[in-house]
Structure formats: structure tokens, C-alpha cells
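The values are calculated or read from the model by the stated rules, or taken from the named source; none is laboratory data. On a predicted model such as this, the values are computed, not experimentally measured, just so you know. Every residue, glycine among them, receives a Cβ derived from its backbone with ideal geometry; neighbour counts consider all protein chains shown. Each accessible area value is taken on the protein alone, full model and side chains, heavy atoms only, with ligands, DNA and RNA left out. Shrake-Rupley method; radii C 1.70, N 1.55, O 1.52, S 1.80 Å.
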Amino acid sequence: MEAPVTDTNRTESTHDVDLDKVRSEILSKYPTKVARKRAKQILVKPGGAGTDIPEIGANVRTVPGILTQRGCCYAGCKGVILGPTRDVINIVHGPIGCGFYAWLTRRNQTRPASDDSPNYMPYCFSTDMQDENIVFGGEKKLKQAIQEAYDIFHPQTISVFSTCPVGLIGDDIHSVCREMKETLGINIFGFSCEGYKGVSQSAGHHIANNGIFQHVVGLDDTIRGGEFRINLLGEYNIGGDAFEIERILDECGISLISTFSGNSTMEQFANSHTADLNVVMCHRSITYMAEMMEKKYGMPWIKINFIGARATAQSLRKIAQYFEDDSLTARVEEVIAREMPAVNEAMEANRPLCEGKLAMLFVGGSRAHHYQELFSELGMKTMAAGYEFAHRDDYEGRQVLSSIKVDADSRNIEELSVEQDPDKYRLRKTEEELTSTGQIYREYDGLIADMKPNTFVIDDISQYETEKLIEAIKPDVFCAGIKEKYIIQKSGVPMKQLHSYDYGGPYAGFKGAINFYREIARMTNSKVWSYVKAPWEKEPELTATYAAA
Ligand code: SF4
């Protein structure tokens with residue numbers, strides 16, 4: 001019998017593990033049907049130049065019983081997309097337990113224009129449904145909650161989020177919203193984002209995009225100042241990231257009309273159709289909005305990334321390239337030249353402490369890709385990466401979009417039919433003008449293309465698989481979310497939360513890169529982790545195999 005690849009006495013990270021063997025070992029512990037399913041979602045990136053990007057299983061249901069990283073549809077809608085917008089009262093219609101995701105768990109920050117400007121983000125609004133509301137219906141309670149929120153805060157916008165029990169009993173939140181909108185004379189709308197919809201929080205992102213697009217975007221046609229006007233999509237101002245990006249854009253002379261949705265307001269969303277370019281950070285959560293805005297209002301979109309100093313510089317150049325203006329190009333180059341010395345100094349100071357170390361990233365729908373930039377600037381290798389809620393195009397690139405099979409779970413999420421607005425559509429550039437500069441629009445190559453050969457790409461990783469990777473490879477740092485944090489740390493591996501940044505950040509832009517270099521150097525060189533022994537290092541474990549059928 002072959003010896004297992006996982007070495008229970010390993011305390012140092014290792015580059016030379018046979019990943020195919022680790023994969024087989026992980027899969028061998030699953031029942032046959034589960035193993036078959038997981039095998040499609042666990043890939044070892046093949047080596048060799050010109051190797052095709054392999055197909056990965058993604059955006060499929062998690063097998064019941066497997067401990068997943070994923071959140072629910074409502075968490076994606078309320079927690080991710082609407083969480084960082086300060087001038088809307090977001091009422092969670094459901095039991096108080098669902099309210100956890102309304103509680104700023106991602107550390108989204110915001111900066112109101114003045115002390116008098118509305119900011120409801122520190123509050124958590126819930127209808128706190130009880131048994132009697134489940135039996136007799138909760139619409140009356142929702143109406144009361146909207147009235148109460150209005151009487152206390154006088155907001156201009158209220159939105160309502162359906163949770164699982166509300167969907168099951170059939171409360172019509174949309175008719176309540178319509179009625180209260182008429183009564184109170186403010187914008188009120190609902191999201192049918194019941195937790196059970198779709199297979200992960202990704203469904204909630206889509207529903208949030210649809211709702212904001214239908215009820216808010218396009219309401220204010222005022223053309224605000226600025227020559228180079230963009231919207232930043234898929235940036236959520238965790239730990240102050242948006243403040244750093246805003247600083248850089250401002251120094252470059254680029255006007256930010258709106259951000260979806262870090263440091264944002266409903267007023268900005270309402271005016272966002274007046275911008276000339278959409279730049280997309282998170283490809284998974286917000287590209288729906290970019291596509292719908294292009295169809296209805298005529299502005300194109302490009303994929304950018306402000307995580308990593310080199311990626312930030314490249315993204316600024318891409319924006320300048322779109323506007324084809326020499327003064328903007330010169331200003332962008334000036335800003336890059338001014339910012340890079342401090343970045344290089346920090347990189348040189350911290351790189352010797354990190355060079356050759358291994359990272360693993362399992363988070364989100366773009367972060368596991370974007371953060372590889374920062375690790376590579378430190379000379380670290382990303383040994384394994386994957387997303388919680390991505391679709392195949394986030395891994396393999398948008399060229400596979402037409403070949404993705406739409407299953408019943410995806411069909412359950414409404415695709416809005418969008419047409420050119422007869423009055424507000426303005427074609428910013430013809431297709432010929434767009435391609436004349438050599439820039440590629442509406443494109444994203446996905447995570448797999450950027451992974452090194454002989455590394456793991458794993459979709460919807462489970463807790464068991466996380467432990468097996470740590471056991472086999474012992475990375476120097478593991479990036480994931482709060483549910484994984486303590487399991488990883490108890491295995492003697494430093495863990496960085498990339499949903500909330502723990503207590504750190506910002507990590508975006510130039511100053512964010514410097515913060516990240518320092519923090520990762522500190523974490524990966526701390527001796528404290530060598531004193532923590534993983535359970536399998538301390539005690540022998542019982543193992544078993546399935547009997548032959
Ligand atoms: S899965 Fe359902 S019950 Fe659980 S938090 Fe999400 S909406 Fe609430």
C-alpha cells in the first residue's frame with residue numbers, strides 16, 4: 001500500500017508535494033457520488049506552455065453535510081452589495097437571526113459629506129418576525145417597521161430584504177413597498193433575496209444589481225463636473241480601501257461619479273448613468289450592472305484591479321487610455337512616479353522576509369485572484385486558490401460564457417430585459433473607436449490563467465479540504481473568512497481575513513500595498529505559530545476507508 005502524501009509531522013511549508021496525490025487522497029475520503037462531484041471542482045493546474053485552461057465545476061449546489069464557506073442569497077444582496085451605502089435604510093424582513101448579516105460584519109467604512117449628511121450604516125434594522133407572524137403573515141409588521149423607520153430617521157430611501165421564512169409564507173414585500181412609497185412619498189423598494197435562492201450569495205448579488213438598476217440608476221440626470229468621469233464597480237470599502245482609491249483618482253484628475261458600493265450613496269447611484277466609463281473591480285458581484293448600463297445608457301466597461309501596486313498603476317493607465325487625453329496620461333504617470341518610491345522601499349524591506357513563502361487564498365469571487373498580485377510583489381507563491389461563489393467565467397475567463405449551462409438554480413434568478421433608453425442613451429464610443437487604442441473591453445481572463453503550473457484551484461472549498469491542504473502543504477499564510485479563521489490558526493498557520501481584513505487595511509492602491517507588505521511580513525515571520533500544534537500533530541487520529549461495494 002502507498003504511503004499517504006500528507007506528512008503529519010510537517011512543520012515547514014513545502015513546494016514539492018505531489019498535488020495530484022493530495023487531490024486523490026482528499027477525494028478518496030468522500031462517498032463515490034460526492035467524490036465525483038468534488039473532482040470537477042478540485043483542479044491541479046497543469047504545467048507546460050500553451051496548456052489549455054481546464055474546465056472547472058462552479059456555481060453548483062454544495063453537497064448537504066459539507067461545511068462550506070458560502071453565505072446565503074440574502075447575505076449577498078444585503079451584506080455585500082447594499083451594506084456599504086449610507087443614505088438608505090435597509091430593513092431585513094425576517095427573524096432577528098438573519099439580522100447578523102445586516103450588522104456591518106465586513107467592516108465597510110463610509111465618509112458622509114458633513115455631520116448632517118445621513119448615515120444609517122451603524123444601525124441594524126429588522127422586523128424581528130415572531131411565530132405569530134409566520135402563522136398569520138408579516139406584511140402588517142413590515143408596514144409598521146417602514147413607518148417607524150421613516151418617523152425616526154426621515155430617510156429619502158428605504159429598501160426591504162426578504163429572508164427564507166418570508167419567502168416560505170409568501171409575504172408580498174413588493175406590494176407593501178409600493179403602498180408605503182405612495183403613502184410616504186419617498187423611494188421604497190424590495191429585494192426578493194430569500195436565503196434559499198440560487199446556490200450561494202452570488203444569487204443575491206445579481207438580485208441586488210437588478211433592484212438598484214430598476215429603482216435607482218437613472219433617476220438624476222444632472223451632469224456633475226469633471227472631464228474624465230467614471231463609475232467604480234465592485235469595490236466595497238473594506239478597511240478604507242475606497243478612501244485610498246478615491247485619493248489616487250482625485251490626484252490623477254479622474255472624477256468618480258459613483259462607486260458600487262464602497263463609501264456610496266443612493267444619490268450617486270441615481271446619477272451614475274451620466275459617467276463615461278465603468279471600471280469593474282469584482283467581476284462576479286457587479287458585472288451585471290456594467291452590462292445593463294452599457295445597454296441602456298451606452299457607456300462601455302473595462303476590468304481593472306486596484307489591489308497590488310503594479311495592478312493599480314496598470315489600471316490607472318487603462319483608464320487614461322480610454323479617455324485618450326495627453327494631459328490625463330501625463331498626470332497619471334506623474335502620480336505613479338510619485339507613489340512608487342515609497343511602495344518600492346516597503347517592497348524591498350519586506351520581500352526578503354517573505355520571498356519563497358507560500359500563500360493560499362479562498363475567498364469571494366475576485367479577491368482570491370486580486371490578492372495574488374500583492375503576494376507576488378512580496379515574492380510569495382500562491383499555492384492554492386479558489387472562490388466561494390464564483391461561476392466558471394471567473395475561473396476560466398469570459399470566453400466560456402456561451403458554453404455555461406444555465407441550470408434550474410440560475411434560472412430562478414431574474415435576468416432583466418434591458419433596452420436602450422430612448423432619451424438617456426448616449427453612445428460614448430463606437431466599437432471602432434474602442435478597439436483603435438488596442439485596449440480590450442468587456443473582458444476578463446479569470447483566475448486560472450494567472451495561477452502558476454502545479455498549483456491547486458478549488459471551487460467552494462470545504463472545511464475538511466482546508467484541513468487536508470494545511471496538513472499536506474503547510475502554507476505560510478492562509479486567507480479566507482471568519483468561519484475558517486480559528487480552524488486555520490489552531491493548525492499553527494497565520495490567517496488573514498480578506499472579507500473584513502480583521503482589524504487592518506486599507507490594502508488597495510499604493511498605500512494599501514505598503515500596509516499589506518508590512519502585515520504579511522509580520523504575520524509570516526512571527527514565531528508564535530510554531531508553538532501551535534495542529535490536532536494531527538498532537539494526537540494520532542482514527543482513519544477509515546469505505547468498504548468495497
Ligand atoms: S439562509 Fe435564510 S434564514 Fe439563514 S440567514 Fe439567510 S435568509 Fe436568514
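Looking only at segment 456-497, which residues are assigned to a loop (DSSP other than H, G, I, E, B) and within 22 Å of SER202 (Cα to Cα)? Residues satisfying the conditions are ASP459, ASP460, ILE461, GLY481. Taking segment 254-306 as the range and being of a type in the set (Gly, Ala, Ser) and over 16 Å from the mean Cα position of the chain (by Cα) as the test, the residues that pass are SER255, SER258, SER264, ALA270, SER272, ALA275, GLY298.
All conditions in (1) farther than 30 Å from GLY226 by Cα; (2) in a helix (DSSP H, G or I); (3) over 20 Å from the mean Cα position of the chain (by Cα) hold for LYS405, with the sole exception of (2). If a residue must be open to solvent by less than 10 Å² (accessible area, probe 1.4 Å), within 13 Å of the ligand (Cβ to nearest atom) and either not small (Gly, Ala, Ser) or not assigned by TED's automatic domain parsing to the domain that holds ILE146 (or both), how many such residues does segment 78-99 contain? Residues meeting the conditions: 2. Which count do you get for residues in segment 133-150 that are open to solvent by 50 Å² or more (accessible area, probe 1.4 Å) and within 14 Å of the ligand (Cβ to nearest atom)? Matching residues across segment 133-150 total 1. Residues in segment 512-549 that are touching a residue at least 24 places away in the same chain (Cβ under 8 Å) and within 30 Å of ILE248 (Cα to Cα): GLY512, ALA513, ILE514, PHE516, TYR517, ARG518, ILE520, ALA521, MET523, THR524.
None of ALA102, ALA113, ALA75, ALA58 is away from the ligand (no atom under 16 Å from the Cβ) and open to solvent by less than 60 Å² (accessible area, probe 1.4 Å) except ALA58. If you check PHE191, PHE161, PHE213, PHE153 for being away from the ligand (no atom under 16 Å from the Cβ) and under 30 Å from GLY365 (Cβ atoms), only one passes: PHE213.
Among residues of segment 116-126 being away from the ligand (no atom under 16 Å from the Cβ) and touching a strand residue (DSSP E or B) at 6+ places or on another chain (Cβ under 8 Å), the one that is most open to solvent (accessible area, probe 1.4 Å) is TYR123.
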